[in-house]
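Enquirer: Just passing along the structure, written as structure tokens.
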Amino acid sequence: MGGREAMLDSASASAADIPAEDTSVKAATVDDAPAADTQTEDGSAPADWAAESDSESVDSALDPHRRLHRIALAVAVLAIGTLGTATAVLLNEHLQSNATMALEQRYLQAARQGVLDLTTISAATVDDDVARVLERSTGTFRDQFEERSDDFVAVAQQADVTATGSITEAGIESADGNAARVLVSATSSVTNSSGAQEEPRVWRLRITLENGGGSILMSDVEFVP
């Protein structure tokens with residue numbers, strides 16, 4: 001036992017006397033080693049690194065142009081959208097304006113024709129004349145005119161009346177999609193058995209009209225002083 005312990009003590013002493021490996025040298029050697037693929041033998045940068053650098057430089061140089069292009073594109077899209085909206089609004093207004101004008105012309109035509117029917121009468125055709133007025137009338141006015149139509153026919157025939165009307169002027173006083181009021185100035189030349197020979201008569205009437213969709217009819221007739 002004494003010999004084995006002496007041998008172990010001698011081995012431990014020998015191990016302690018062996019100098020430690022200089023790790024600092026190895027570390028320095030590793031740190032000082034050139035990085036892989038960062039430099040060629042002649043000192044120039046590797047091709048792929050240079051290409052990447054050149055690509056980044058080109059991208060950087062083109063960035064302002066790309067930004068301008070994107071901004072211009074965004075402005076163009078916004079302008080087109082705004083223009084499209086404005087065009088749609090204007091087109092809608094144009095269509096509505098045309099529809100309103102067309103309806104007003106129908107009102108004016110109906111009022112003119114109604115006044116011509118009222119002021120153009122002949123004893124020879126008075127039944128047809130009355131029927132024409134009733135055909136273009138509605139509501140209270142039609143009811144009242146129909147009630148008095150027999151008297152109207154009798155007076156026209158007894159007086160041998162011949163009257164021819166003409167429209168001087170017509171204008172819309174108010175109008176919407178359902179009804180309108182139109183002022184109409186008219187004249188008629190009257191001949192009768194009482195001695196009138198193409199005697200001029202002047203009429204100023206307010207015609208109320210109702211829009212039934214397919215037809216526009218007179219619903220009231222007022223004399224305007």
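Enquirer: Filter the stretch 149-191 for residues that are in contact with a Lys or Arg (Cβ under 7 Å, 6 or more places away or on another chain) and open to solvent by 40 Å² or more (accessible area, probe 1.4 Å); which is nearest to Ala123 (Cα to Cα)?
Expert: First pass over the stretch 149-191, keeping only residues in contact with a Lys or Arg (Cβ under 7 Å, 6 or more places away or on another chain): 167, 170, 173-174, 181, 183-185, 187-188, 190.
If we keep only those that are open to solvent by 40 Å² or more (accessible area, probe 1.4 Å) too, we end up with 167, 173-174, 181, 183, 187.
Working: Ile167: 21, Glu173: 34, Ser174: 35, Arg181: 30, Leu183: 28, Thr187: 19 Å.
Restricting to residues being in contact with a Lys or Arg (Cβ under 7 Å, 6 or more places away or on another chain) and open to solvent by 40 Å² or more (accessible area, probe 1.4 Å), the top hit is Thr187.
Enquirer: For the stretch 110-131, enumerate the residues that are free of Cβ contacts under 8 Å to residues at least 40 places away in the same chain, under 20 Å from Asn211 (Cβ atoms) and open to solvent by 20 Å² or more (accessible area, probe 1.4 Å).
Expert: First, pick out the residues of the stretch 110-131 that are free of Cβ contacts under 8 Å to residues at least 40 places away in the same chain: 113, 117, 123-131.
From what is left, the residues that are under 20 Å from Asn211 (Cβ atoms) are 113, 117.
Across the stretch 110-131, the qualifying residue is only Gln113.
Enquirer: Restricting to the stretch 154-176, give me the number of residues that are over 16 Å from Val190 (Cβ atoms), more than 48 Å from the chain's Cα centre (by Cα) and touching a residue at least 24 places away in the same chain (Cβ under 8 Å).
Expert: The total comes to 0.
The values are calculated or read from the model by the stated rules, or taken from the named source; none is laboratory data. These numbers come from a predicted model, not from an experiment. So basically every Cβ, Gly included, is an ideal-geometry build from the backbone, and we count neighbours across all protein chains shown. Heavy atoms of the whole protein, side chains included, go into the accessibility calculation; ligands, DNA and RNA do not. Shrake-Rupley method; radii C 1.70, N 1.55, O 1.52, S 1.80 Å.
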